[in-house]
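Undergrad: One structure follows; several queries about it will come next.
The values are calculated or read from the model by the stated rules, or taken from the named source; none is laboratory data. Only a predicted model underlies this, so the values are computations on that prediction, with no experimental measurement involved. Heads up, the Cβs are rebuilt from the backbone with ideal geometry, glycines too, and the neighbour counts pull from every protein chain shown. Calculation scope for accessible area: heavy atoms of the full protein, side chains included, ligands and nucleic acids excluded. Shrake-Rupley method; radii C 1.70, N 1.55, O 1.52, S 1.80 Å.
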Amino acid sequence: MASSSEPVRARGFLPAQNDAERLVMRRAQDLYGAAQKHWAARWSGFLSDRQQALCAAALNRSGCEWYRFEGGYPDAERKLLGILPPGEADEPPIAFLQIDCSWDGGMDPPSHKDYLGALTGLLISREAFGDILLDDAAPGRAYLVALQSAAPLLCELRGVGRASARVSPCEKDALLLAAQKPRQLRTATVASLRLDAVLAAMLNCSRGTAAELIRANKVEVNHIAVQNAHSDVYEGDVFTVRGRGRFRLKALGGKSRKDRLFIQFFQY
């Protein structure tokens, strides 16, 4: 991909958009208050990257310098927020689980969506577990990062999609091997860094189709619904398209000979 001497555009922090997001920020401040009062580590549940950004903004506003995010392994998406007063360092309350599935011949192995649906079907909060990592070397096997307190309930899972399932504790090293799978970067050129243009490149569809998805409220950027097809996009943005998957804009490059812009992205 061509390089560019232009500075990389960065998306600024977007303030809380609704009551749910404002509640995330208040909970972070409450966690900080509890850690101060008891001078002890306090941990949240698993947070999306958008929720992590909201928590960081709330804590920075409160003057807190004792926080960090932990997801159980490098490059984790969903992470716990930890408030750690000086001298009170603590390990995150994380458990590592292995899910093994078996099914009748002729069926495809469970997908990430199947695992997520099965876990949420246990009527457990999404904050109780973090990333789900599929093991490409062993179809039908996945690894899960979870809160220690939720692990016993998660181990009661008996089915994923149409497959039977068994959940058991595992060592972190097994999950780390699955996490080392490199993501396949794809390169494309776009006419502009507008949402419809970039989305069309990611989905390999026309800009008109991309615009229809946006207008139908089927597109989120960084977990926020967007309905303006002309919205600017930035390096690092995460695009969630209902029914199509999730993508991250990894890098922006220079221009092609036809004056189009190079982008790099991957699909989760």
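Undergrad: Of L47, A165, A229, whose Cα points farthest to the positive end of the dipole of the chain (charges on the beta-carbon: +1 Lys, Arg; -1 Asp, Glu; origin at the Cα centre)?
TA: The residue sitting most towards the positive pole is A229.
Undergrad: Under the rule of at least 5 residues apart or a separate chain, name every residue whose amide H is placed under 5 Å from the amide H of L80.
TA: L47, E70, G71
Undergrad: Just to confirm my numbers, what's the Cα centroid distance between the range 135-154 and the range 17-52 in Å?
TA: Value for the Cα centre distance between the two parts: 25 Å.
Undergrad: Right, next: Provide the net charge surrounding A201, with neighbours chosen by a C-beta distance below 12 Å and charges set as Lys +1, Arg +1, Asp -1, Glu -1.
TA: Summing Lys and Arg as +1 and Asp and Glu as -1 gives +3.
Undergrad: Let me ask something else about it. Would you kindly derive the ³J(HN,Hα) couplings of the range 163-179 from the backbone phi angles with the Karplus curve 6.51 cos²θ - 1.76 cosθ + 1.60 (θ = phi - 60°), listing them in order in whole Hz, with x for Gly and Pro?
TA: Working through the residues one at a time gives 9, 7, 9, 9, 10, 8, x, 9, 7, 4, 4, 5, 5, 4, 5, 5, 6 Hz.
Undergrad: Oh, and also: What does the charge count near R61 come to, summing +1 for each Lys or Arg and -1 for each Asp or Glu among other residues with Cβ under 15 Å from its Cβ?
TA: Taking every Cβ under 15 Å from that of R61, the sum is 0.
Undergrad: Given the rule -39500 (n - 2.57) for each run of at least 4 DSSP H residues, summed and divided by the residues of the chain, what is its mean residue ellipticity at 222 nm, to the nearest 500 deg cm²/dmol?
TA: -8000 deg cm²/dmol
Undergrad: Please list, in chain and number order, the residues 5+ apart from L14 or on another chain whose amide H is under 5 Å from its amide H, with Hs placed from the backbone.
TA: none
Undergrad: OK, next. Equivalent ellipsoid semi-axes for the range 170-242, as square roots of 5 times the alpha carbon gyration tensor eigenvalues: give them largest first, rounded to whole Å.
TA: Ellipsoid half-lengths, sorted descending, are 29, 15, 11 Å.
Undergrad: Next up: Determine the shape class of the range 43-129: with a ≥ b ≥ c the square roots of the Cα gyration tensor eigenvalues, call it rounded for a/c under 1.5, and otherwise prolate if a/b is greater than b/c, oblate otherwise.
TA: Prolate, since a/c reaches 1.5 and a/b exceeds b/c.
Undergrad: Magnitude of the Cβ-charge dipole of the range 1-159, K/R +1 and D/E -1, about the Cα centre, nearest 20 debye?
TA: 720
Undergrad: At what distance in angstrom do the alpha carbon centres of the range 159-180 and the range 182-223 lie from each other?
TA: That distance is 32 Å.
Undergrad: Per residue of the range 86-100, what does 6.51 cos²θ - 1.76 cosθ + 1.60 with θ = phi - 60° give for ³J(HN,Hα)? Whole Hz please, x for Gly and Pro, Karplus curve as stated.
TA: Here the 3J(HN,Hα) series is x, x, 10, 4, 9, 7, x, x, 10, 10, 10, 10, 10, 10, 10 Hz.
Undergrad: Then there's this: How large is ³J(HN,Hα), in whole Hz, for each residue of the range 224-235 in order, when computed from phi with the Karplus curve 6.51 cos²θ - 1.76 cosθ + 1.60 and θ = phi - 60°, using x for Gly and Pro?
TA: Result, ordered by residue: 10, 4, 10, 10, 9, 5, 8, 4, 6, 10, 9, 4 Hz.
Undergrad: How many percent of the accessible area of the range 1-135 is carbon or sulfur, using a 1.4 Å probe?
TA: 50
Undergrad: Count the lysine pairs in the chain that are 8 or more places apart or on different chains: how many have C-alpha atoms under 23 angstrom apart?
TA: Eligible lysine pairs with Cα atoms under 23 Å apart amount to 12.
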